[in-house]
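I have placed the structure first, in the form of structure tokens, so that the comments after it can refer back to it.
The values are calculated or read from the model by the stated rules, or taken from the named source; none is laboratory data. Quantities reported herein were computed from a predicted structural model and do not represent experimental measurements. Cβ: placed from backbone, ideal geometry, glycine included. Neighbour counts: every protein chain shown. These accessible areas exclude ligands, DNA and RNA; they are computed on the full protein's heavy atoms, side chains included. Shrake-Rupley method; radii C 1.70, N 1.55, O 1.52, S 1.80 Å.
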Amino acid sequence: MRLVGALLAALACLDVALLWSRSRRERINVLDGLIRAMNVIEAELGGKASPLPPLMTKLSREDGTIGAFFAAVSDALDSLGAQPFSEIWRSAVHAHFSLLPEWERSALTELGNALGRYPLQMQREAVALCREQLREQLALARKQYGEQARLVWALALSAGVLLGIVLI
Amino acid sequence: MDGSRLAADLLPPDYRQALRETEAEEIRLRIGRAPTVLLDGRERRFHERVCTQGDLLRVLERASGASLHAVAEAMREGYLSYRGVRIGVCGTALARAVGGGFGAFSSLCLRVPREWRGIGRALLPALRENVSGGSLILSAPGGGKTSLLREYIRCLSEGGLRVGVLDERNELSATDENGAGFDLGAHTDTLVGMPKAEGAMLLLRSMNPQLVAMDEITSAEDAEAVLQIAGCGVGILATAHTSGFAQMRSRPLYRRLLESGVFTRAVCISGTGRARQYRLEELRL
């Protein structure tokens, strides 16, 4: 029984490391996906001055959180008039990107204030600005993950072994 | 199609709920003023809350699908169309050098599209008698030209005539993904969203119409489209912003068309609302 308890304690420590790793990688994937989506938005606005509804539908076909975010925006466009696009966008940002820190969500919310409202060139500049901000954060997130991952796993393993030894 | 409901759908929720007048010709929103409807030539308030910039933006956002950039071309002309509802825009214009359009909006005029069956019916036999001769529908702005044109298209088409419609702003047919919102008749082919000059030849080549109908000849390009159609021996039915023949003659754009002999008669509209009257005039310079 003590052996079982020690094993479970060790696994719990490893699980903490796993959760940490998963949340960091998920944030990196979301930032990466958002940057790709910004590229699509900029290209569609620049090339065809595409209306937002079909653009949101197109992006809703992306996998995972990114697709779910744009699907939420697309579905809520029926309520335009009752609420502005910026509010639809803001609600979707807070509902789907809770794992992003507040200031990254603010950068996305700012973009929603510009989309569909201002002249085309200003919208493209807003998209480019948001993308650059996200790119900087993505580069930082990757660097930090690379630096911290080994440490976190090492700490988790050490703690697990130590706890196991103490319990046994 | 219920034009009143379509127009009301664009309004903020409290304005929409307060709007009971289903016969309104126009809905007007002005910043700092209570919203009004135009009925029988007079504006009447339908809500006490004054309009804000936010109200105007919400209407435009709904009408454009949150995509003002996609309707920039129409906005530069001072309006946009939403499923047959023409939304006139007023505000602070931006210079053409920076793209034109509006920097800020101050008022909107939502023109309620209507299907008035039976209007101008007494003059229909005269139009049917000589289809190849061109006919114009004349009135001042807001005089009911589009409604009359829509009804004439439907009647002529139901009478067996193949009618091609150049619906540049989608106000005649109010076409969406479900098809035409207004009934334009069983033998009508509608080209939506294409400039008249470009659409005229496409329609003639592809759909073999006996009559081509279009709303609002306002530019040299529109006049050119008319001449192309007439040159192919196809009848024309169109509208023009002018109160009568005398006024038409004084405007170079229409004088050119009159001199070409394309149009031989005009239906002139006078009066407002249900008291409108229609009379036929022969056009001779």
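Working from label points 7 Å from Cα in the Cα-to-Cβ sense, the B:A122 to B:R274 distance is 1.8 nm. Taking amide hydrogens as placed 1.01 Å from N in the peptide plane, the amide H of B:D176 sits under 5 Å from those of B:G181, each at least 5 positions away in sequence or on another chain. Under conditions of 20 °C and 1.002 mPa s, the protein assembly as shown yields 83 µm² s⁻¹ as its translational diffusion coefficient, taking Rh as the Kirkwood radius over Cα pairs in the Stokes-Einstein equation. Kirkwood-type hydrodynamic radius, chain A: 18.0 Å, calculated from all non-identical alpha-carbon pairs. On association of chains A and B, roughly 1300 Å² of accessible area becomes buried (total for both chains; probe 1.4 Å). Computed over protein heavy atoms with a 1.4 Å probe, the accessible surface of the protein assembly as shown works out to 47 Å² per residue.
A helix-only calculation puts chain B at -8500 deg cm²/dmol for mean residue ellipticity at 222 nm, using -39500 (n - 2.57) for each DSSP H run of at least four residues, averaged over all residues. A simple charge model with +1 on the Cβ of Lys and Arg, -1 on the Cβ of Asp and Glu and nothing else charged puts the dipole of the protein assembly as shown at about 420 debye relative to its Cα centre.
Amide H to amide H, with H built 1.01 Å from N, B:I137 comes under 5 Å of B:A238, B:T239, B:A240, B:V267, counting only residues 5 or more places away or on other chains. In this label model, B:A93 and A:K48 are separated by 3.2 nm, measuring between points 7 Å along each Cα→Cβ vector.
Which of the DSSP-defined H helices in chain A satisfy a minimum axial length of 24 Å, computed from C-alpha atoms, and a minimum mean Kyte-Doolittle hydropathy of 0.0? Helices passing the filter in chain A: A:2-48, A:120-167. For the residues B:T190, B:T146, a 1.4 Å probe over the protein chains yields an accessible-area ranking, largest first, of B:T190, B:T146. Converting phi to 3J(HN,Hα) with the Karplus coefficients 6.51, -1.76 and 1.60 and the offset θ = phi - 60°, segment B:136-150 yields 10, 10, 10, 6, 5, x, x, x, x, 5, 5, 4, 5, 4, 4 Hz in sequence order, with x at every glycine or proline.
Quick one: grab the alpha carbon gyration tensor of segment B:31-134, order the square roots of its eigenvalues as a ≥ b ≥ c, and give me rounded if a/c is under 1.5, else prolate or oblate depending on whether a/b is larger than b/c. Taking the square roots of the gyration eigenvalues as a ≥ b ≥ c, segment B:31-134 is oblate. Each Cα pair under 8 Å and six or more residues apart adds its sequence gap; the mean of these over the residue count of segment A:2-167 is a relative contact order of 40 percent. When A:D63, B:D40, B:D222 are compared by accessible area of protein heavy atoms, the largest-first order is A:D63, B:D40, B:D222, using a 1.4 Å probe.
Cross-link reach is defined here as a Cα-Cα straight distance under 28 Å, omitting same-chain residues fewer than 8 places apart; for B:K145 the lysines meeting it are B:K196.
Between the listed residues A:W89, A:G33, A:F69, the Cα displaced farthest toward the positive end of the dipole of segment A:2-167, a dipole computed from Cβ unit charges relative to the Cα centre, is found at A:G33.
In peptide A:116-122, how many Cβ atoms from other protein chains are near each Cβ within 10 Å, on average?
5
Residues of B:64-77, mean number of Cβ from any other protein chain within 10 Å of their own Cβ, rounded to a whole number?
On the way: counts 6, 9, 17, 13, 8, 15, 11, 2, 3, 1, 0, 0, 0, 0.
Going residue by residue through B:64-77 and averaging, the value is 6.
Taking a point 7 angstrom from the Cα of A:L151 along the C-beta vector, which residues in segment A:22-47 have backbone N less than 18 Å away? Under 18 Å, as judged by backbone N against the label point of A:L151, lie A:22-25 of segment A:22-47. Computed over protein heavy atoms with a 1.4 angstrom probe, the accessible surface ordering of A:V152, A:V16, largest first, is A:V16, A:V152.
Between A:R61 and B:D14, the simple spin-label model (points 7 angstrom out along Cα→Cβ) gives 4.3 nm. Solvent-accessible area of B:R83, all protein chains in place: 100 Å² (probe radius 1.4 Å, heavy atoms, ligands and nucleic acids excluded). With all protein chains in place and a 1.4 Å probe, the accessible surface of segment A:2-167 carries 60 percent carbon and sulfur. Helix B:220-231 and the longest principal axis of the Cα set of chain B meet at an angle near 30°.
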